[in-house]
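Input: a single structure, listed below in structure tokens.
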Amino acid sequence: MGSFEIQTASKIYPIFIGSEASEKLPGFLQEKFPRRKKLYLITDSHVSALHADSLAGLLNQSGYDTLVHVVPSGEAAKSLACYEECMTNGFRHHIGREGIILALGGGVIGDLAGFVAATYMRGIPFIQLPTTLLAHDSAVGGKVGINHSLGKNLIGAFYQPEAVVYDISYLQTLPVREWRSGFAELIKHAFLSSEAFYHELRNEVKSMEDLKNHPKLGEWIEQGIKVKASIVAEDERESGKRAFLNLGHTLAHAMEGAAGYGELTHGEAVAFGLFSDLYLSRKYTGLDIDLDSLYQWLINLGYLTVTNDVLDIDRLIPYMKLDKKNQDGKIATILLKNFGEPILSTFDEEEIRQDFAEFIGHYFAV
């Protein structure tokens with residue numbers, strides 16, 4: 001098991017990563033918060049059935065009083081209703097300002113529980129306990145929040161965890177679709193990092209089974225986290241460079257909204273949005289990339305299979321207009337000049353429509 005630190009302007013905190021990382025949690029709590037004994041563990045119905053009892057048992061044996069609150073699994077949990085339920089349950093069970101929230105689950109739970117922590121009695125500590133590959137991205141960096149019916153992550157805060165405890169043994173219970181969802185963010189981090197990282201993933205991962213059983217999985221996860229951490233360290237509150245982490249996300253968030261939150265996994269949408277941004281990058285920045293071979297690799301991995309109704313530009317544009325990166329009434333997205341060289345680019349609506357029609361016509365016309 002390894003560990004390293006995430007450094008931001010507001011906080012430095014550790015990442016513990018390994019196949020038995022969860023066993024480090026009681027010791028970390030005792031060292032960091034020697035007088036706090038009340039824990040509020042927020043998880044979802046799927047993860048609860050797999051991991052909540054064993055983790056709560058470990059904590060209770062170590063002298064902690066652990067309250068477990070279970071929300072529905074899936075994107076629907078990032079709602080105002082679930083947020084209110086989490087708050088109410090904490091109040092009813094007398095979780096006070098000396099409590100600590102534990103976010104056990106994927107990105108949805110990390111976002112929801114982190115936002116609860118950020119606003120519960122004006123803020124109490126929380127710890128991220130990711131159980132998915134996708135959460136290697138969302139658990140780091142302090143962006144927490146919930147969705148609104150008009151858009152994804154429109155309600156939220158920047159609130160850093162006290163630690164991230166990434167027990168990769170939890171990943172072995174994931175269904176194939178969740179492996180695929182998380183791998184899309186790892187591919188994104190490769191493009192934001194180096195051509196060598198991208199080609200290593202290309203050469204080593206031909207299927208999700210390859211990924212699941214690869215001896216370098218933990219190393220790749222750590223590498224992906226460090227890519228994000230290096231950007232967050234320079235721009236904690238997304239006033240500049242942090243927006244680069246949204247490579248692929250302008251279109252991805254719009255697709256998630258158009259499909260109905262939870263119908264597409266985040267990673268499925270990100271893979272499509274990433275491919276679109278790379279197409280635009282080749283057109284506008286001269287990015288040197290073989291898009292046809294990338295297309296085939298993504299197809300072979302099970303990406304880019306999206307129904308035509310989700311790709312209706314008239315449904316996508318309203319969501320794209322709500323993107324937080326937008327500037328001066330123009331829609332913003334992230335392009336690449338080269339591997340590891342992202343830039344923020346803006347387009348008016350007509351340009352978006354023309355480029356999208358060209359993109360879809362080239363790669364996805366029936």
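Only the coordinates and a few stated rules stand behind these numbers; no lab work does. Remember, it's a predicted structure, so these values are computed and weren't measured experimentally. Note: ideal-geometry Cβ built from the backbone for every residue, glycine included; neighbour counts use all protein chains shown.
Listing for the model above:
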| quantity | calculated |
| --- | --- |
| Gain on full stretching of the segment that runs from Asp348 to Gln7 - 0.36 nm per residue minus C-alpha separation | 119.1 nm |
| Helix-derived mean residue ellipticity, 222 nm - over the chain, DSSP H n ≥ 4, -39500 (n - 2.57), to 500 | -13500 deg cm²/dmol |
| Alpha carbon centroid spacing (whole Å) that separates segment 155-204 from segment 36-91 | 23 Å |
| Interchain or long-range residues, amide H under 5 Å from Asp44's placed H | Val71 |
| Order by protection proxy (mean Cβ within 10 Å, highest first), peptides 219-229, 56-66 | 219-229, 56-66 |
| The chain - share of DSSP beta bridges that are antiparallel (%, nearest 5) | 45 percent |
| GluC sites (Glu not before Pro) within segment 157-204: DSSP coil, no more than 11 neighbouring Cβ in 10 Å | none |
| Acute angle (nearest 10 degrees) that the helix 80-92 long axis makes with the longest principal axis of the chain, alpha-carbon atoms | 10 degrees |
| Extension reserve of the Lys226-Lys212 stretch, reckoned as 0.36 nm per residue once the Cα distance is removed | 3.0 nm |
| Cβ crowding within 10 Å averaged over residues, with 116-126, 263-273, 231-241 ranked highest first | 263-273, 116-126, 231-241 |
| Highest to lowest packing among 41-54, 19-32, 303-316, scored as the average C-beta count within 10 Å | 41-54, 19-32, 303-316 |
| Within-13-Å neighbourhood charge of Ser79 [Cβ basis; K, R +1; D, E -1] | -3 |
| Potential extension, Ile313-His199 segment - 0.36 nm per residue separation minus Cα distance | 37.8 nm |
| Candidate values (i) 53, 37, 18; (ii) 32, 27, 23; (iii) 34, 22, 19, label of the one derived for semi-axes √(5λ) of the Cα gyration tensor in Å | (iii) |
